[in-house]
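Below: the structure, in structure tokens.
Nothing in this text is a laboratory measurement; each read-out follows from the coordinates by a stated rule. The structure displayed is predicted, hence computed values, not measured ones. In this analysis, Cβ positions are derived from the backbone assuming ideal geometry, glycine residues included, and neighbour counts consider all displayed protein chains.
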2 protein chains.
Amino acid sequence: MTKNLKRVLASETPDFAGREIRLNGWIRIRRDHGKLIFLDLRDRSGLIQVVVNPKVSEEAYKVAQELRPEYAIEVVGKVNKRPESAINKGLASGAVEVEATEIKILAKAETLPFDMGEVKLNLELPTLLDYRSLTLRHPSISEIFKIQEEVMKAFRSAAEKLNCTEIFVPTISASATEGGAEVFKVKYYEHDAYLTQSPQLYKQIMVGVFERVYTISHAYRAEPSVTTRHLSEVVQLDIEIGFIENFDELLDALEFVGTSIISDVSKKFDKTLSSLGIEEPLIPTKVPRLTLKEAQEIIFKFSSGERDPRGEQDLNAADEKLICEWAREEKNSDFVTITHFPTKKRAFYSIPDPKNPEISLSYDLLFRGLELSSGSQRVNDYDQLIKIMKDRKLNPGNFSMYLQAFKYGLPPEGGFSFGLERLTMQILELSNVREASMFPRDMERVDERLSASK
Amino acid sequence: MTKNLKRVLASETPDFAGREIRLNGWIRIRRDHGKLIFLDLRDRSGLIQVVVNPKVSEEAYKVAQELRPEYAIEVVGKVNKRPESAINKGLASGAVEVEATEIKILAKAETLPFDMGEVKLNLELPTLLDYRSLTLRHPSISEIFKIQEEVMKAFRSAAEKLNCTEIFVPTISASATEGGAEVFKVKYYEHDAYLTQSPQLYKQIMVGVFERVYTISHAYRAEPSVTTRHLSEVVQLDIEIGFIENFDELLDALEFVGTSIISDVSKKFDKTLSSLGIEEPLIPTKVPRLTLKEAQEIIFKFSSGERDPRGEQDLNAADEKLICEWAREEKNSDFVTITHFPTKKRAFYSIPDPKNPEISLSYDLLFRGLELSSGSQRVNDYDQLIKIMKDRKLNPGNFSMYLQAFKYGLPPEGGFSFGLERLTMQILELSNVREASMFPRDMERVDERLSASK
């Protein structure tokens with residue numbers, strides 16, 4: 001460009017009415033009306049309409065004839081107020097348009113494999129993911145990840161309010177974190193190593209250092225199944241709190257973090273969510289708390305006996321939906337906390353209830369029919385931990401760095417974790433967790449479909 | 001405890017003078033003076049002195065006799081002002097002490113393998129790491145990670161000031177990110193996959209979505225060497241910026257982020273750093289910028305000909321020290337930016353200078369003798385990218401999701417990345433980057449030494 005103009009974002013254009021500015025962005029839609037060409041230009045702030053009139057600039061008009069969707073361009077032009085009747089209220093820049101005097105192509109694009117100009121992107125999931133580098137640019141998709149960014153901000157803010165120190169822990173581990181076969185093996189120089197199933201053991205160790213910690217890490221699960229709720233690699237948000245006086249303190253922290261995230265995001269993105277038909281969440285002052293047993297009784301009654309989970313070891317997906325419906329109807333709450341799951345159904349570090357060791361001091365936080373977070377108070381006595389490991393056929397020798405923390409005094413503690421993708425999915429009521437991951441990994445896909453790969 | 005007292009942190013005790021409180025923490029030092037027992041209690045806020053007097057509580061005294069370092073305990077007692085002469089000015093709680101009326105052991109500790117009561121922890125690195133779950137608790141070590149936490153905060157804050165969106169990208173990849181053999185292989189279901197060497201390709205893709213992005217991720221390097229500066233797994237801080245007008249815009253962003261981090265951390269931890277004999281950093285208004293060639297000429301002259309790097313392809317460790325000494329003496333700056341490295345010495349995505357394709361539009365930011373950050377303007381033209389890949393014997397078929405972004409219009413862009421551990425190391429002037437990682441991974445260690453593992 002010949003002129004040394006500062007770039008203005010689409011959303012800022014109304015402040016520049018009557019002035020000459022420079023824009024950068026991608027062509028979202030190009031409409032050729034013969035005498036005039038209209039461009040919907042997308043930049044990081046939103047959309048702006050550009051008008052190209054050959055009477056204003058022959059040259060710009062020539063370039064505009066060549067433009068196609070996703071071309072990255074630079075535009076110099078004058079910001080004009082639109083007539084009252086032409087104001088687009090759906091757009092931050094809708095009161096103005098830019099009359100182009102110069103257009104420069106910064107990067108060309110091939111013909112798109114599908115239409116990206118509609119408000120919704122109606123593609124089957126495999127296509128959505130096969131063309132991920134392109135489909136992420138569609139406003140309805142990129143918005144998912146603006147919301148995800150806010151989920152993370154809200155989590156950090158809640159963790160900091162709880163006085164947690166942020167820690168950074170590794171993802172390569174010498175042994176399978178929590179036992180079980182669902183781990184990915186890594187060739188680590190001349191040795192075998194594994195990708196961690198969670199930052200669990202490290203965050204517990206760090207309670208000995210900072211008492212209260214939070215960490216954002218990647219968790220890897222080699223589950224050989226394809227469901228709408230599971231990914232092979234997720235971003236996990238973890239908190240661990242030491243020197244707790246009682247179990248309820250953990251539930252307070254869990255509910256504080258869970259409701260803070262949902263509340264912050266729902267407020268910041270209220271317009272987006274309501275435009276998607278998503279209702280404002282019901283966030284009670286006090287989240288209803290039920291033991292698993294109590295929840296099962298309620299489900300039995302609430303479903304008028306159609307579903308009888310009493311005596312089962314866990315809630316299934318249908319139960320989670322039912323108990324959330326109950327909480328909404330009876331307690332005016334989209335959240336419900338379920339506690340006291342059977343010890344043998346939870347990981348080895350969950351502490352058995354001293355009054356009934358068959359039951360653990362564990363919990364799940366449910367939101368609108370889905371588990372958002374899971375956790376427990378932990379076994380913090382070294383000898384008890386060794387005994388449990390042996391009972392579960394885990395080799396304490398594989399956990400020596402972890403056990404060291406308990407050998408040297410670890411106070412009563414507990415914690416919980418959230419999955420970033422699942423939080424995003426649930427807030428946006430997406431039908432598949434893959435839509436809530438920029439580049440989802442599962443059994444069948446690592447960017448490309450694995451079946452198709454070399 | 002019988003009484004329902006709210007817990008008070010060590011640092012808060014001066015506000016509770018004359019009142020009864022509850023403390024939680026670990027025994028750092030226990031001094032038995034016969035008639036009195038003194039405890040230095042450590043909690044997440046710092047230290048507090050507890051006095052146990054049998055005349056005040058026979059029972060507490062009995063428990064105190066049993067205590068050893070790293071026992072986790074609960075103390076109930078009265079906060080007493082210390083006489084003027086006994087005030088410990090080195091301690092936030094130094095004007096008071098707590099007279100114990102009750103002590104409860106929450107978790108016992110084995111006899112420590114070494115003394116943790118000194119101001120410094122004088123251990124050889126292997127011992128420091130063999131006992132990592134314990135040594136991290138030493139105030140001189142845990143302080144490293146409080147500073148690390150602040151480094152991360154400062155990075156995020158700078159990235160947000162640049163208007164970057166935070167993105168979350170995967171670490172499992174179908175092919176080696178940047179080519180080369182130094183990758184860890186993962187058994188991914190029935191396929192081979194790799195741990196990413198950096199989030200590079202994904203952050204570039206995301207420029208097409210959000211223009212400006214930042215991401216905090218793990219980077220894996222299977223370098224078969226053991227140096228004081230490299231780890232096999234690091235936390236990497238990445239920024240990528242699209243629609244740049246010129247190369248200098250990238251240098252401005254790089255220097256803004258680099259100096260912001262150092263400046264924020266140095267201010268927040270000024271006391272800690274000065275107590276370690278670390279000088280305040282010299283942060284100039286304008287970081288000196290030199291091309292590699294200019295830097296080599298200066299090194300030659302500045303070393304009075306003792307070192308002649310002219311014509312070499314890169315700066316070695318000694319050169320980086322020398323050019324930083326020069327910047328400090330001549331430019332009053334602890335920072336210096338070196339630009340224009342040979343194209344063949346940089347990764348394939350670095351853009352060759354159109355005026356001289358042998359040289360790339362690349363840069364390193366140095367701080368006090370060490371490279372803090374590295375980056376470049378990128379090749380953003382699809383055809384040029386394919387040609388470079390082929391010239392470098394890289395198979396474009398292994399990069400199809402990446403190439404897709406360029407197929408559909410990616411504007412001029414560039415970026416840079418920092419290593420969290422290296423930043424921490426350099427701020428604290430640590431001699432080995434392992435000290436700046438909570439749980440360092442290298443060729444010889446994954447928590448335990450690999451030679452010793454099963």
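Data for the structure
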quantity	calculated
Packing-based exposure ordering (other Cβ within 10 Å, fewest first) of A:His230, B:His218	A:His230, B:His218
For B:Thr227, label point 7 Å along C-beta direction: distances to other copies, nm	4.6
Using a Förster distance of 60 Å, the FRET efficiency for B:Glu429-A:Ser304 (Cβ separation, nearest 0.05)	0.30
Long-range HN-HN contacts of A:Tyr188 with modeled amide H, under 5 Å	A:Ala193
For the range B:402-417, 3J(HN,Hα) per residue [Karplus equation, 6.51 cos²θ - 1.76 cosθ + 1.60, θ = phi - 60°, Hz, x = Gly/Pro]	5, 5, 3, 4, 7, 5, 10, x, 10, x, x, 7, x, x, 6, 9
Reachable lysines, given that their alpha-carbon falls under 18 Å from the alpha-carbon of B:Lys393 and they are not under 8 places away in the same chain	A:Lys454, B:Lys344, B:Lys345
Residue order, fewest to most beta carbons within 10 Å, for B:Trp326, A:Trp26	B:Trp326, A:Trp26
Per-residue ³J(HN,Hα) for the range A:223-234, Karplus 6.51 cos²θ - 1.76 cosθ + 1.60, θ = phi - 60°, Hz, x for Gly and Pro	6, x, 9, 10, 10, 7, 10, 10, 10, 7, 9, 10
A:Val96 long-range amide H proximity, modeled H, under 5 Å	A:Arg82
Shielding by partners - mean other protein chain Cβ count within 10 Å, residues of A:100-107	3
Likely footprinting exposure, A:Thr13, B:Thr127, fewest C-beta neighbours within 10 Å first	B:Thr127, A:Thr13
Computed [θ] at 222 nm, helices only, for chain B once each DSSP H run of length n ≥ 4 contributes -39500 (n - 2.57)	-9000 deg cm²/dmol
Whole-Hz ³J(HN,Hα) from phi, Karplus 6.51 cos²θ - 1.76 cosθ + 1.60, for the range A:245-261, glycine and proline x	8, 7, 4, 4, 4, 5, 5, 4, 5, 4, 5, 4, 5, x, 6, 4, 4
Residue-count net charge about B:Val56 - beta-carbon cut-off 11 Å; Lys, Arg +1, Asp, Glu -1	-2
Label-point separation in nm, A:Ser274 to B:Lys161, each point 7 Å along Cα→Cβ	3.6
Counting DSSP beta bridges with both ends in chain A, the antiparallel % (nearest 5)	90
Antiparallel bridges, percent of DSSP beta bridges restricted to the range B:10-107 (to nearest 5)	95
Shortest-first distances to equivalent copies, position B:Lys293, nm, label 7 Å out along Cβ	8.2
Stretchable slack from B:Ala317 to B:Lys89, in nm (0.36 nm times residue separation minus alpha-carbon distance)	77.9 nm
Within 10 Å of each Cβ in A:203-209, the average number of Cβ atoms from other chains	6
Antiparallel content of DSSP bridges confined to the protein assembly as shown, in %, to 5	90
For the range A:291-335 and the range B:59-138, distance of Cα centres in Å	48
Inter-copy spacing of A:Arg328 label points, which lie 7 Å from Cα along Cα→Cβ, given in nm from shortest upward	6.4
Inter-probe distance in nm under a simple model that places probes 7 Å from Cα toward Cβ, at B:Lys355 and B:Glu20	7.9
Shielding by partners - mean other protein chain Cβ count within 10 Å, residues of A:211-220	3
Residues with amide H under 5 Å from that of B:Arg445, placed H, sequence gap 5 or more	B:Leu450
Listed peptides A:374-380, B:55-61, A:29-35, B:134-140 by packing density, highest first (mean Cβ within 10 Å)	A:374-380, B:134-140, B:55-61, A:29-35
FRET efficiency for B:Asn332 and A:Lys6, using Cβ-Cβ distance with R0 set to 35 Å, rounded to 0.05	0.70
In nm, spacing of pseudo-spin labels at A:Thr285 and B:Lys390 (7 Å Cα→C-beta vector)	7.1
Residue and distance (whole Å) for the chain B Cβ nearest the axis that superposes B on A	B:Val186, 3
